[in-house]
Structures are given as structure tokens and as C-alpha cells.
Amino acid sequence: MATIKHTLDPKNPPKTPKADLKRFDAIRDEDIDYSDIPELDAEFWANAEIKTPAQKPVVTMRVDEETIDYFKGSDPKGYTARMAAVLKAYVRAHHPRQDRNPE
């Protein structure tokens with residue numbers, strides 16, 4: 001079975017149906033079960049670290065038109081990110097490292 005990865009665009013979130021919004025609004029705060037979520041107390045925040053994401057270098061490369069068209073497909077938005085994901089998967093498949101964190 002193939003894995004399908006979806007990335008949400010925070011600038012263009014999916015629309016929530018009005019019926020769902022009404023249902024969510026009808027739920028009282030005291031009826032929400034938070035038992036599986038640890039409380040974020042002062043100790044948590046005292047030990048929290050702010051980490052700035054690593055900057056990705058800008059790279060220019062020549063790619064044939066057929067390849068560009070393939071990655072643009074029916075949605076040209078984000079085609080360079082898709083190309084980068086394929087390159088990253090290739091590197092991981094050909095040079096796996098145990099100390100790498102999955103993203």
C-alpha cells in the first residue's frame with residue numbers, strides 16, 4: 001500500500017462545514033476529555049527550548065521541461081517542494097543514517 005502524504009497550507013486552510021462548526025460549538029468545555037494530554041505546567045515551560053528551523057539553501061539547477069511538467073502536474077503550486085521531497089527520499093534510500101530524525 002502506498003503512503004500518501006498531505007501537507008496543509010496554513011494560509012489556505014480547508015473549509016470546515018457549518019454543520020461541524022455547530023456541533024463543535026455545542027460541546028461544553030467540561031465534556032472534553034483531556035486525560036491523554038499532559039498538562040503544560042510551569043515546569044514544562046521552564047525546560048522548553050526554542051529552536052529555529054534550519055534555513056534551506058537556495059539552489060538553481062537546470063531541469064528538462066518534461067520533468068518540470070511532471071512535478072507541476074495538475075497543481076503547479078509546491079512543485080519545487082515535491083521535487084525536493086523526491087531528492088530527499090532518494091538520499092535516505094541510498095545513504096540511510098540511524099541518527100537522523102524523521103520529519
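From the list TYR34, TYR90, which one is aromatic (Phe, Trp, Tyr) and assigned to a helix (DSSP H, G or I)?
TYR90
Please determine whether any residue of the range 52-71 is surrounded by 10 or more Cβ atoms within 10 Å (Cβ to Cβ), in a loop (DSSP other than H, G, I, E, B), of a type in the set (Gly, Ala, Ser) and under 17 Å from the mean Cα position of the chain (by Cα).
Within the range 52-71 (the criterion being surrounded by 10 or more Cβ atoms within 10 Å (Cβ to Cβ), in a loop (DSSP other than H, G, I, E, B), of a type in the set (Gly, Ala, Ser) and under 17 Å from the mean Cα position of the chain (by Cα)), the answer is no, since none of the residues qualifies.
Filter the range 8-31 for residues that are outside any helix (DSSP H, G or I) and of a type in the set (Lys, Arg); which is nearest to GLY78 (Cα to Cα)? Let's see the steps before the verdict.
At the first step, the residues of the range 8-31 found to be outside any helix (DSSP H, G or I) are 8-17, 27-28.
After this cut, where a residue has to be of a type in the set (Lys, Arg) as well, the list is 11, 15, 28.
On the way: LYS11: 13, LYS15: 20, ARG28: 39 Å.
Once the filter is applied, the top-ranked residue is LYS11.
Every residue, every condition in (1) without any contact (Cβ under 8 Å) to a residue 60 or more places away in the chain; (2) out of contact with any helix residue (DSSP H, G or I) (no Cβ under 7 Å at 6 or more places or on another chain); (3) under 25 Å from THR3 (Cβ atoms), yes or no:
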residue	(1), (2), (3)
ASN47	yes, yes, no
LYS51	yes, yes, no
VAL59	yes, yes, no
GLU65	yes, yes, no
ASP69	yes, yes, yes
SER74	yes, yes, yes
MET83	yes, no, yes
HIS95	yes, yes, yes
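Of all the residues that make up the range 72-87, how many are outside any helix (DSSP H, G or I) and not small (Gly, Ala, Ser)?
Qualifying residue count for the region: 3.
Since every read-out is calculated from the coordinates, none of them should be taken as a lab result. Predicted model, so just to flag it, every value in this text is computed and none were measured. Backbone-built Cβ (ideal geometry, glycine too); neighbour counts: all protein chains shown.
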